1. Can you find a residue that is in a strand (DSSP E or B), surrounded by fewer than 20 Cβ atoms within 10 Å (Cβ to Cβ) and touching a Gly at 6+ places or on another chain (Cβ under 7 Å) anywhere in the stretch B:303-317?
2. Is there a residue in the stretch A:101-115 that is surrounded by 11 or more Cβ atoms within 10 Å (Cβ to Cβ) and within 30 Å of residue B:74 (Cα to Cα)?
3. Looking at the stretch A:154-186, which of its residues are exposed (fewer than 13 other Cβ atoms within 10 Å of the Cβ) and either under 19 Å from residue B:281 (Cα atoms) or more than 13 Å from chain B (Cβ to nearest Cβ) (or both)?
4. Sort through B:275, B:259 and tell me the only one that's surrounded by 24 or more Cβ atoms within 10 Å (Cβ to Cβ) and either among the hydroxyl-bearing types (Ser, Thr, Tyr) or touching a Phe, Trp or Tyr at 6+ places or on another chain (Cβ under 6 Å) (or both).
5. Given (1) modelled with pLDDT under 90; (2) more than 30 Å from residue B:293 (Cα to Cα); (3) surrounded by 14 or more Cβ atoms within 10 Å (Cβ to Cβ), where does residue B:43 come up short, assuming only one miss?
6. Among the residues of the stretch B:261-277, which ones are more than 7 Å from every other protein chain (Cβ to nearest Cβ) and among the polar types (S, T, N, Q)?
7. Looking at the stretch B:166-199, which of its residues are in a helix (DSSP H, G or I), acidic (Asp, Glu) and under 16 Å from residue B:153 (Cα atoms)?
8. Having 3 or more residues that are under 21 Å from the mean Cα position of the chain (by Cα) and without any contact (Cβ under 8 Å) to a residue 40 or more places away in the chain is the bar; report the helices (runs of 4 or more DSSP H) wholly within the stretch A:117-208 that clear it.
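The values are calculated or read from the model by the stated rules, or taken from the named source; none is laboratory data. Keep in mind the model is a prediction, meaning the values are calculated, not measured. A quick note on method: Cβ atoms are made from the backbone with ideal geometry, for glycine too, and the neighbour counts reach across all protein chains shown.
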Amino acid sequence: MADVVSRDLPVSAAGRRLSLHKFARRKSTIAFLMALPLIVIVACLVIYPAFYSIRLATLNKSMQHFVGFGNFGFLFRRNTFWMVVEQSVLFAVTAVIFKALIGFIVAHFVHNLPAKGQRKWRGMLLIPWVIPPAMSTLAWLWLFDPSYSAFNWIFAHLGIPQVAWLGNPYWARFCVILVNVWVGSPFFMIMYLAALKSVPEQLHEAAAIDGANWFQKIWYINLPMMRNIIQITALFSLIVTFANFDIVKVLTNGGPVDQTHVFSTWAFTLAIWGNDIPLGASVSLFMAPILAVAAFFILRNVRRRGSEA
Amino acid sequence: MYSSRLTRRTLLQTAATTALAAPFIHGAFAAGKLTVGFWDHWVPGANDALTKLCHEWAAKEKVDITIDYITSQADKLNLTQAAEAQAKSGHDVLTFLAWAAAAQTDNIEPVDDVMAPLIAQNGKISEGIEYVAKQGGHWVAVPACVGSPTLPSCARIDLLKEYLGVDLTKMYPAGAPADDALAGKWTWDFFLTAAEKCFKAGQGHLIGVGLGPTNDSVSWVDPVFRGHGAAMVDQEGNITVKSDATRQVLEWYQRLVPYMPKDAFAWDDASNNKYLISGQGALIFNPPSAWAVAVRDAPKVAQQLWTFPSPKGPRGRFDAAVPFFWGTWKFSPNKSAAKSLLTFLCQRYSVEQTVAASHGYDIPPFADLHDFKTWAEEGPPKGTIYHYPPRGDVTMVIPYSPAPALIANQIYAQATVPKMIAKCTVEGKSIDQAIDWAASEIEGFART
């Protein structure tokens, strides 16, 4: 018996070494090991905080007792919360529509520029997107400043009545959306430009032979070919815009009279100024399931079209 | 045979005997390490004086001290305390803004043993500040002698003389008590008249008060309400906003708002300063930081600025205070050193230096520490901030006290009162609708 065991040992050890060697040489293992640092970072900085904020949202104000969905129940009874929901939707949807529209138009202009100067234009048009929004919004704040607005200075010289850019709720909403569109349009432009580059030129040539005008080329060729990119870009931007913080925080701080607050700024006010971290966490989590459902359907459509193709 | 073999038992015995027999040697940092998070002062040079004092204390007490100056810009100070409370790790001593210490009562070490001797030595703490610093009968934090301002009036001597015929330097003379007869006329009713006269002068020199969601706006409205006997919530947490006094004050605001800058509801804490320093504003409610910046950037404007108490109402004269507090976490490994440092920084010797370094910006919370020569000597014009510390009939208050601290915190943080004013002025709602809205908001703040 002892002999059998001693004879078996080297064989099984060698086998294990072989299978470990095989396992280590597998492409999936190498890919996993190479992605591991990123996975660890995502786990630490995204997944853990996400679950931690879910836990916080289930605690009472002093964070000592579990209250389940009590914080959400409380929020649903507050008028200010529903005002913030309305404003966040208005802010995100309006901004994404305008960003998509402007990005689409500018992408076509840039695409039709001569190849020689195109790179310079692309670089210049990306500037609003690459400047940190907190910095560029500060510059916008000076342009809209309640007392020293540069725009009002020009208006005064032209004899046009001055505008309370950030003092009037409607103008304040206009301003935060405008700045968001200014910052975000280049992202749409560059994504659409990349999509346009992949549309085969032969399709346009064939359409031209058939007598199609510029609008028909866009409608029947470009739009269908760009559909996936348009949807993914819009989804991505919608999520980011819903979570926007810096523009509103710097420009209006949610004012006047809460009329420009969005989820993140109101959550910050409740959690950090008001020392009610669980309620702030609940506000910031409110949109997560809705956006997750939207993301599911959009990505499913994209996948289906991908498999049909 | 004698064996010299070293066993585990003999090693431990030898080590213990040596340790007990060894004399206590005061090493360079014998009392350990201390990390401190102080507020990054607006006034240039104020941090240096505090650093010098801390190092003086550290050298004497043999403590290895590390100081971080944390700005309150972009709420970094609030974020730091929230993060440290969550992580149960951080500075041994941290600065807390206004209600933050009260909100962290469960996490910070009571400082009754520090406060009792300090009060005996430096005089009592104003009721408004004690209300926040003392929770459940215990001092939870030390009211900070550095960086705590009040928001009295800061006005243009020339403009108020021209438009209103008032000589501020006679009403509140430098180095002397207020002229009772003249100061008695400095009321909220007179303030309304002043706003109207400044507006009607047509020169664009308006009373520069904001009604936005930030500190300055939220703070200055409280003395108006308090001066008329109106309170949002009483000491027991009962909602008291539905009162005739509140209606009276809101009617007063309905008359005031047309004479204010039209974008006043979008003002932040910098707006009123800029309005004054640019030469436009006739009066703002602010600590002397606006004046200090004017000395540097607009000397001609600074020459005409005078700081003096807020107007009074039928129930008294109040200056809003937004104090800082120094606290030490329960998880701090060196609480004894932390308490020793806080005691040292509240000594008359230390406070006199920090007040001088801040050019009089800091208002010590102790009643007997309001007699430093700094306030009489600062200028130009000389004595401009003599009446900045609360003197005479002025009571220093934290806005929205005596409501329980956590409710008052929400009223302050959510700018409920400026919003209530906005509802019945620019939003076209009736006074009763505005009050109902505020009552509904406050109901929500009472959640536990």
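1. Yes, the stretch B:303-317 contains a residue that is in a strand (DSSP E or B), surrounded by fewer than 20 Cβ atoms within 10 Å (Cβ to Cβ) and touching a Gly at 6+ places or on another chain (Cβ under 7 Å).
2. no
3. Within the stretch A:154-186, A:154, A:157, A:158, A:159, A:160 qualify.
4. Values: B:259 fails: surrounded by 24 or more Cβ atoms within 10 Å (Cβ to Cβ).
Exactly one of B:275, B:259 is surrounded by 24 or more Cβ atoms within 10 Å (Cβ to Cβ) and either among the hydroxyl-bearing types (Ser, Thr, Tyr) or touching a Phe, Trp or Tyr at 6+ places or on another chain (Cβ under 6 Å) (or both), namely B:275.
5. Exception for residue B:43: condition (2).
6. B:272, B:273
7. The one that is in a helix (DSSP H, G or I), acidic (Asp, Glu) and under 16 Å from residue B:153 (Cα atoms): B:189.
8. Working: elements: A:127-130, A:133-144, A:150-158, A:169-197.
It comes to A:169-197.
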